[in-house]
């Protein structure tokens, strides 16, 4: 059973609204809809999880040359050929420089980074002695993250290789998580909205939101995260889905952005 924790006093970095026990009583405790969390902690589990209506024709060659200008390929003892981004800022982490948009497939991560078409929609991220590394995968998803939220905050962290999108007891490393106020979740650059301190306390004020978990009166979408009606209620307006426009190469992603349209490179 998840214990609902209240915000500690004496938090000097910023003033955060306290999520009370009453606010959490609206939520049902989320449960894993798979065979259990432990089954997805094993290293032999496939990196990729099947998704609704998703193709799977990307190969290693799809990524090798395209990502080379933005980082370096390494041979990792645990994961084999992996890619590490270069020319990144100190304290960089995945799923931080970009924004969230709603689509018919769930919450889509729209990256500001030139390698985002690959590293945030295929494969997984792991953190080791050489920093963040990307482990190639060949199943597309709107984002490969694990989610938490509350009436005040929405947060996410990269899913490590072998971790299921259904897992609710994801290992805690607070520096991997990004949290934003619910009111600044949609369409706002995360690096401008994210809390820069107190991640541990915000984490403790939120509940896990795996796919189809029912929290605060609404079911999570197919890939997890906050339900659209929940976010609409917090921001005070409806959220129409953006339309995904397929492009033929990563370079075409820099095309002029049109309202309600997000270009994606999805080789399949």
Task: Flag for residue 63 being more than 20 Å from the chain's Cα centre (by Cα), within 27 Å of residue 189 (Cβ to Cβ) and crowded, with 16+ Cβ neighbours inside 10 Å - done: yes
- [ ] Return yes when residue 99 is more than 20 Å from residue 253 (Cβ to Cβ) and buried (at least 17 other Cβ atoms within 10 Å of the Cβ) and no when it is not.
- [x] no
Task: Output for segment 57-90, where each listed residue is part of a loop (DSSP other than H, G, I, E, B) and in contact (Cβ under 8 Å) with a residue 24 or more places away in the chain - done: 57, 58, 59, 78, 79
Task: Test set (1) in contact with a helix residue (DSSP H, G or I) (Cβ under 6 Å, 6 or more places away or on another chain); (2) free of Cβ contacts under 8 Å to residues at least 24 places away in the same chain - residue 153 fails condition number - done: (2)
Open item on the list: So if I check each of 197, 248, 225, which one is in contact with a strand residue (DSSP E or B) (Cβ under 6 Å, 6 or more places away or on another chain) and not in a helix (DSSP H, G or I)?
Closed with: 225
TODO: Of the conditions (1) within 14 Å of residue 116 (Cβ to Cβ); (2) without any contact (Cβ under 8 Å) to a residue 24 or more places away in the chain; (3) buried (at least 17 other Cβ atoms within 10 Å of the Cβ), residue 227 clears all except one; give me its number.
DONE: (1)
Task: Hits in segment 233-242 - residues which are surrounded by 14 or more Cβ atoms within 10 Å (Cβ to Cβ) and either touching a helix residue (DSSP H, G or I) at 6+ places or on another chain (Cβ under 8 Å) or not in a loop (DSSP other than H, G, I, E, B) (or both) - done: 233, 234, 235, 239
Task: Qualifying residues in segment 251-268 (those that are in contact with a helix residue (DSSP H, G or I) (Cβ under 7 Å, 6 or more places away or on another chain) and in a loop (DSSP other than H, G, I, E, B)) - the one nearest to residue 147 (Cα to Cα) - done: 265
TODO: Taking residue 124 as the residue in question, decide whether it is under 22 Å from residue 199 (Cβ atoms) and either touching a helix residue (DSSP H, G or I) at 6+ places or on another chain (Cβ under 8 Å) or surrounded by fewer than 18 Cβ atoms within 10 Å (Cβ to Cβ) (or both).
DONE: no
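Values quoted throughout were computed directly from the atomic coordinates according to the rules given, and no laboratory measurement underlies them. Since we're looking at a predicted model, the values are computed, not measured. Positions of Cβ are backbone-derived with ideal geometry, glycine not excepted, and every protein chain shown enters the neighbour counts.
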